[in-house]
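Some notes on the structure that comes next.
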Amino acid sequence: MLVLTRRAGEKVVIGNEIVVEVLSIGGEGVRLGIVAPRETSVHRYEVFSEIQESNRAAATDEINQSSIENIAARLRKQQK
Amino acid sequence: MSKFNSDETVLHFEEGIVGFPAMRQAALVRLPDYEPFWWLASLTDPHTKFLVVDPREIFTDYEPALPAEIAARLDLQSAEKPLIFSTVKISSDWTNTTINLRAPLFVNAATKRGAQAILSGTNFRHDERLPESVLSEEKGGE
């Protein structure tokens, strides 16, 4: 991991286009300003991590046939 | 409606999906026996696949806002409606099955490019349970 010391008002650039600025430093935390290309997603890590876990739990090699069958049948019945 | 005409369509996820950055190409496979579900199977890792569904088939009023970065990434003009899929976590007790409404997959049907969004500022859950109407309905006899 690259570790840098920055003061309020100072910036870091990631790649050619992503700029992270330390806006202010307070007792509770650090406020960051992020400028990134419009197709870049920026998320708090906890949120990203939660979705990552959720995807990993959903990724499956196997199919629980009876569960899917059951749900699919109920959904189709509902749509009629 | 999230319908492609063929039974199998290759989708391109330029940035992979969250937690699976290498999953750049995936086959969306229709499951005629399990309509309205589909497989989304990685073409880079044969062991990675997801059960997906157009969440609006289950949650009829689900209408996630398309994040600007996803629209930009998929080159979607404002008039174009993307297809939407949610991953499904099937449980051996089917009533514990959950659907990820927080991080839908948006797909540009014309270019077959897709991206997984993480919605912010919403109450959509990544582990939404099946609606009561589905849970409570008597199993259809056939």
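Data overview
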{"item": "Radius 14 Å from Cβ of A:THR40, net charge of other residues (Lys, Arg +1; Asp, Glu -1)", "result": "-3"}
{"item": "Least to most buried among B:PHE59, B:PHE50 (fewest other Cβ within 10 Å first)", "result": "B:PHE59, B:PHE50"}
{"item": "0 to 90° range, to nearest 10: angle between helix A:65-79 axis and chain A longest Cα axis", "result": "80"}
{"item": "Model label zone, B:HIS12; criterion: amide N under 13 Å from point 7 Å along Cα-to-beta-carbon; scope the range B:104-138", "result": "B:108-115"}
{"item": "Computed E for A:GLU62/A:ALA8 - FRET, C-beta separation, R0 45 angstrom, nearest 0.05", "result": "0.30"}
{"item": "Inter-chain Cβ neighbour average for residues B:123-134, partner chain, 10 Å", "result": "2"}
{"item": "Size of charge dipole - the protein assembly as shown - debye, nearest 20, with Cβ of Lys, Arg +1 and Asp, Glu -1, no other charges", "result": "420"}
{"item": "Helical contribution to [θ] at 222 nm, DSSP H n ≥ 4, -39,500 (n - 2.57), averaged over chain B, rounded to 500", "result": "-2000 deg cm²/dmol"}
{"item": "0 to 90° range, to nearest 10: angle between helix A:45-58 axis and chain A longest Cα axis", "result": "20"}
{"item": "Fraction of the pair-distance distribution of the protein assembly as shown above 30 Å, Cα-Cα pairs, percent", "result": "30"}
{"item": "Contour minus Cα-Cα distance for A:ARG44 and A:LYS77 (0.36 nm per residue)", "result": "7.8 nm"}
{"item": "Partner chain coverage, peptide A:63-70 - average Cβ within 10 angstrom", "result": "6"}
{"item": "Where only alpha carbons of the range B:87-129 are counted, the Rg and the Dmax (Å)", "result": "12.6, 37"}
{"item": "Mean residue ellipticity (222 nm) of chain A, computed from DSSP H runs ≥ 4 via -39,500 (n - 2.57), nearest 500", "result": "-12000 deg cm²/dmol"}
{"item": "For chain B, alpha-carbon Rg over 2.2 N^0.38 Å", "result": "1.04"}
{"item": "Fewest-first ranking of B:MET23, A:MET1, using other Cβ atoms within 10 Å as the exposure measure", "result": "A:MET1, B:MET23"}
{"item": "Chain A - Kirkwood radius from inverse mean 1/r over Cα pairs (Å)", "result": "17.2"}
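Read-outs: derived from the displayed coordinates by stated rules, not from any lab. None of these values were measured; they are calculated from a predicted model. Positions of Cβ are backbone-derived with ideal geometry, glycine not excepted, and every protein chain shown enters the neighbour counts.
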